[in-house]
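Undergrad: After the structure tokens below, expect a handful of questions from me.
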Amino acid sequence: MIFIRNHNTPLVKANNQELSYLLLFALIPCYLSSLLFIGYPTGDVCLVRQSAFGMSFVLSVSCILAKTITVMIAFNATKPNSNLKKWVGHRLPYCVVVICSVIQFIICFTWLSISSPFLDIVMPRNTGKIIIECNECSLLAFWCMLGYMGFLALVSFVVAFLARNLPDNFNEARHITFSMLIFVSVWLVFIPAYVSTKGKYMVAVEVFAITSSSAGILSCIFIPKCYIIVMHPEMNTREYLMGKQQISSRI
């Protein structure tokens, strides 16, 4: 709501406003995908839950990567005789988002077509219990989906880290760096925890990783902007963002 009400302000418009809205939209299914892992499993839920999680997160990370590339190109295109001027605009970021998302879609579609997850009934010996759970069927496909997501996050982190010191009073690359650092850290911890657990604990680990990484992206990228919009509107000017205006108050 804060972004919608202040959509005409310089801070919201900075660094591709449309990508910011797309990222916010992509974070909604990221959070909602965790609900597919909670409750009584069904065949349809088992079929789509991992793919929904993978597609929504790759869409979010690809938006972040596109925003980071936009920052790099925007600053370097101002240099004399720069060949990057032809890449300035909306076409390149959207191409990055589409290409990255299509690759993940191909991975998920291939997984569902060749070896799709299914509802499995397990009866452990000497326990007297019947366990109903989702069987991912192909661990290779699952780790390929997760590995591709991690690769995009790592690339986003490296590019944002290189762009963190570019001259700007609100350089979004710094916030992207922290968000990707949290994202990568969470999923690096997820791997050994996921491999070493079984049953409902495995599901709990994945739900925690999904919600915490989504919260990391949301808090690191958007909360600083919301803070400036609400608490320091005097900093929400084009002159300040371009470094031409100094504000005496401290954040």
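Undergrad: Given R₀ = 22 Å, what would the calculated FRET efficiency be for residue 211 paired with residue 8, taking r from the Cβ atoms and rounding to 0.05? Could the numbers behind the result be given before it?
TA: Values: r = 32 Å, r/R0 = 1.47.
FRET efficiency, residue 211 to residue 8: 0.10.
Undergrad: With a Förster radius of 35 Å, plug the Cβ-Cβ distance of residue 197 and residue 226 into 1/(1 + (r/R0)^6) and report the FRET value to the nearest 0.05. Kindly include the intermediate steps, with their values, before the conclusion.
TA: Numbers: r = 36 Å, r/R0 = 1.03.
Working from the Cβ atoms, E equals 0.45.
Undergrad: Rolling a 1.4 angstrom probe over the protein chains, ignoring ligands and nucleic acids, what is the accessible area of residue 44 in square angstrom, nearest 10?
TA: Surface open to solvent at residue 44 totals about 120 Å².
Undergrad: I'd like the accessible area for residue 133: 1.4 Å probe, protein heavy atoms, all chains in place, Å² to the nearest 10.
TA: Ignoring ligands and nucleic acids, residue 133 comes out at about 60 Å².
Undergrad: With a point put 7 Å past each Cα toward its Cβ, work out how far residue 234 is from residue 135 in nm, to one decimal.
TA: Calculated label separation equals 6.6 nm.
The values are calculated or read from the model by the stated rules, or taken from the named source; none is laboratory data. These numbers were taken from a predicted model, which means no experiment stands behind them. Note that each Cβ is placed from the backbone with ideal geometry, even for glycine, and that neighbours are counted across all protein chains shown. Just the protein is used for accessible areas: all its heavy atoms, side chains included, with ligands, DNA and RNA removed. Shrake-Rupley method; radii C 1.70, N 1.55, O 1.52, S 1.80 Å.
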